[in-house]
Amino acid sequence: MSELAGAPIVEVHDLVREYRMGNETVAALKGVSFTVRQGEYAAIVGPSGCGKSTLLNLIGVIDRPTRGTVSIAGERVDQLGDARATDFRLRRIGFVFQRFYLMPALSARENIELPLAEAGVKKSARRDRAMTLLEYVGLARRERHRPSQLSGGEQQRVAIARALANSPSLLLADEPTGELDARTGAEMIALFARLNGDGTTIVVVTHDEVLARATKRVIHMRDGSIVDHGTAG
C-alpha cells in the first residue's frame, strides 16, 4: 500500500488502556485521540507515568487497548491477533529504543539483516540493503564489528539502521538519546532530522528537551491524556 503525501499514518481514536492492580483498575490512557500524517516528525512529551510509553506501545502494535481504535497507514491494528501483529510490526513499523537491543554475537551488518531475514528477503539482497543502511548512518567501515566493539552512539546508529531495514511506513523511538552523552545525543538528533528530511515519518517519546525542540510538532501528555496536540512546524 502506498501513502499519499500528507495522508494520515497514525490515527488514534478514544484510546483507553486500563490495568488491573489488585482490586483496583488503573487507567494509563484516558480517551486519547490524535493523528500523525505522512512525513511528520512528532515528539510526545510529559512527566514520567503520564502514559507516553503506553501510547507508543499501542501505536506500535506491541499492546492492545482496553477500548478505542488504532489505525496505521489506513489499517486497523488495535485488535490484530498475535501472528498478524508480529508480521505487521516487522513490515510496517521500525522501532528504536533507549537500550539498543542488538544481538551481541552478531556483527553490525548481521544485526541489520535480522528483520530482513525474518521478512524472507534473499541473502544477497539482505547484505546489499544492510550495507546501504550502514553507509547511510555513517558506519560502512564497522560492518564486521560486534556491539561490544562499538560505542553507544555507534550502537544506536546500528539500531536505527535495523529499524529501517524493511522500509517501514513509520519509525517509533522511545527515549532514543536516553543512554547517550550530550555530544552523541546531538549526533542522533541530527540523524533523526536527516531521516525525516528524507521522508521518514517519526514519532518519538522523550524527556530530552533538545530532541523535542528539534522535532516539528510536540504533543504534550499529562495523567493519561493529551493536553496539547501541538502544531506542525
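The values are calculated or read from the model by the stated rules, or taken from the named source; none is laboratory data. Only a predicted model underlies this, so the values are computations on that prediction, with no experimental measurement involved. Counting neighbours? That spans all protein chains shown, and the Cβs are built from the backbone with ideal geometry, glycine included.
For residues in region 194-212 being of a type in the set (A, V, I, L, M) and closer than 16 Å to Ala161 by Cβ, which is surrounded by the fewest Cβ atoms within 10 Å (Cβ to Cβ)? Per the stated criteria, the residue is Leu195. Scanning region 115-130 for residues that are surrounded by fewer than 17 Cβ atoms within 10 Å (Cβ to Cβ) and of a type outside the set (S, T, N, Q), we see that the one that is nearest to Ala161 (Cα to Cα) is Asp128. Does Ser33 satisfy the condition of being modelled with pLDDT of 95 or more, polar (S, T, N, Q) and within 19 Å of the chain's Cα centre (by Cα)? Here the answer is yes, as Ser33 does meet what is asked.
Checking Glu143, Glu110 one by one, the residue that is surrounded by 15 or more Cβ atoms within 10 Å (Cβ to Cβ), acidic (Asp, Glu) and under 25 Å from Ala190 (Cβ atoms) is Glu143 and no other.
Contact list please: Cβ distance under 8 Å, first residue in region 209-233 and closer than 12 Å to Phe192 by Cα, second residue in a loop (DSSP other than H, G, I, E, B) and of a type outside the set (A, V, I, L, M, F, W, C), pairs at least six apart or on different chains. These pairs meet every condition: Leu211/Pro176; Leu211/Thr177; Ala212/Thr206; Thr215/Gly233; Lys216/Glu40; Lys216/Gly233. Scanning region 11-64 for residues that are among the β-branched types (Val, Ile, Thr), assigned to a strand (DSSP E or B) and either more than 23 Å from Gln79 (Cα to Cα) or in contact with a Lys or Arg (Cβ under 6 Å, 6 or more places away or on another chain) (or both) yields Val16, Ile44, Val45. In this entry, Ala7 passes the filter for residues that are among the aliphatic types (A, V, I, L, M) and either exposed (fewer than 15 other Cβ atoms within 10 Å of the Cβ) or modelled with pLDDT under 95 (or both). The helices (runs of 4 or more DSSP H) found entirely in region 95-213 that carry 3 or more residues being more than 25 Å from Cys50 (Cβ to Cβ) and among the hydroxyl-bearing types (Ser, Thr, Tyr) are 123-136. Set side by side, the residues Leu191, Leu172 differ, and just one is of a type in the set (A, V, I, L, M, F, W, C) and buried (at least 21 other Cβ atoms within 10 Å of the Cβ), which is Leu172. Taking the numbered list (1) under 21 Å from Met188 (Cβ atoms); (2) surrounded by fewer than 16 Cβ atoms within 10 Å (Cβ to Cβ); (3) among the β-branched types (Val, Ile, Thr) in turn, Thr86 passes all entries but (1).
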